[in-house]
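**Q** This is the structure I have questions about; it appears just below.
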Amino acid sequence: MKQAIENIRQQSILEIENSKDLKELNDIRVKYLGKKGELTSVLRGMGALSAEERPIIGSLVNVVKNELEELISGKEEQFKQEEMNRKLESERIDITLPSKKIKRGSKHPINRTIEEIEDLFVSMGYDVISGPELETDEYCFERLNLPEGHPARDMQDSFYITNKYLLRTQTSAVQARTMIEKGGKEPIRMICTGKTYRREDDATHSHQFNQVEGLVIDKKENNVSLADLKGTLEVFVRKMLGENSELRFRPSYFPFTEPSYEVDVSCFNCGGKGCPLCKKTGWIEILGAGIVHPNVLKMNGYDPELYGGFAFGTGIDRLAMFKYGITDMRYLYGNDYRFLSQFDRKDWFIQTYLIIKMKKSDKSFVIIIIMDLVEKRRG
Ligand code: PHE
């Protein structure tokens, strides 16, 4: 019996040593130590032994069992280690290789312009309000003193979805929404930026563009006047198009303001001397504006005897074009990477300025920004 156990021992040790992989090792384990394994069978056959022999053979089998288990797990470890080394070798990364350049986007010039406008007006105490692009006829026209059949509705060809709903032709709809929301009592100082839509069919207009609307309403005794409108627009235009810009108010017509004006800015391209951009007039029309019509106040819950104010509106796309010297509107909507990537320069300058300012205070932060800049430049 002892001999048989020793034979099993030697045979299994040999097999363990010669095994080539984890699978083979597992087969060996089953063959000798499994439920029906050779060593287990020896234990089963112990019933036939004498009482003296039984404990001796029993402990011998256990010793061999433990030895084999140890050998197997040692070998197992070895296989795992080899597998890991093989993986490390085959999946090795050469960190000295140049990396792939990731192209970064940058903020769209229209969004930049919108943010700049919003920042400016927030700094003057205005709220930034938004309204729906799918608007009702009531807010887009009726509540702005443009009842059905009013000839001025033809000024803006509309995309009607149903008789009641249309894509808003002007952000002026948000004037009415704000007045209704404020319930005819609170003063209002708001701007609204957003997309607007018109059924344009010529090559120089887009069916979709962006507008900014401004509305100021206050008690009559606070005297919100044409002079305030002019001052406000001057700050606005000078910030957007240059400190030397001059404004010119021309009488015009909008159903929701009275008096109404079209506002021109002195041509920033030629300084007012006359050039192709201003069609040799020295002026470029940019804004619509006026004193809020009493009917509009009344229709939207404000008593025109007690309240008054001004409103203005302009196209953001054109402003962005003037601001950045963009000559063709289609660039704004083409999403051409080469065009868009030019607009991160400003951020670059701002960040460089920050570095210079912070150099003394926080070195680690500076390093992060420098890394960011390098990355941007490479992209
Ligand atoms: N909503 C007008 C337009 O789209 C502009 C405007 C706004 C005029 C506010 C006067 C007051 O042409």
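**Q** Collect the residues in region 254-280 that are under 20 Å from Glu243 (Cα atoms) and more than 16 Å from the ligand (Cβ to nearest atom), keeping them in residue-number order. Write out each step before concluding.
**A** To start, the set of residues in region 254-280 that are under 20 Å from Glu243 (Cα atoms) comprises 263-275, 277-278.
Selection gives Ser266, Cys267, Phe268, Asn269, Cys270, Gly271, Gly272, Lys273, Gly274, Cys275, Leu277, Cys278.
**Q** While we're looking at this one, here's another question. Check Asp201 against each of (1) out of contact with any Leu (no Cβ under 7 Å at 6 or more places or on another chain); (2) assigned to a helix (DSSP H, G or I) and name the one condition it does not meet.
**A** The single condition Asp201 does not satisfy is (2).
**Q** Could you tell me whether any residue of region 243-250 is within 16 Å of the ligand (Cβ to nearest atom) and crowded, with 16+ Cβ neighbours inside 10 Å?
**A** Yes: one or more hits.
**Q** Okay, next question. Mind listing whichever residues of region 281-315 are in a loop (DSSP other than H, G, I, E, B) and more than 10 Å from the ligand (Cβ to nearest atom)?
**A** Answer for region 281-315, where residues must be in a loop (DSSP other than H, G, I, E, B) and more than 10 Å from the ligand (Cβ to nearest atom): Thr281, Gly282, Asn300, Gly301, Tyr302, Asp303, Pro304, Glu305, Leu306.
**Q** Could you figure out which of (1) surrounded by fewer than 11 Cβ atoms within 10 Å (Cβ to Cβ); (2) of a type outside the set (S, T, N, Q); (3) at pLDDT 90 or above isn't true of Asp154?
**A** For Asp154, the failing item is (3).
**Q** Which of the residues that make up region 151-192 are assigned to a strand (DSSP E or B) and more than 13 Å from the ligand (Cβ to nearest atom)?
**A** Passing the criteria: Phe159, Tyr160, Tyr165, Leu166, Leu167, Ile188, Arg189.
**Q** Which of the numbered conditions does Ser158 fail, given that it passes all the others? Conditions: (1) of a type in the set (Gly, Ala, Ser); (2) in contact (Cβ under 8 Å) with a residue 12 or more places away in the chain; (3) out of contact with any Leu (no Cβ under 7 Å at 6 or more places or on another chain).
**A** So the condition that Ser158 fails would be (3).
The values are calculated or read from the model by the stated rules, or taken from the named source; none is laboratory data. This structure is a prediction, so every number in the text was calculated from the model and none was measured. Heads up, the Cβs are rebuilt from the backbone with ideal geometry, glycines too, and the neighbour counts pull from every protein chain shown.
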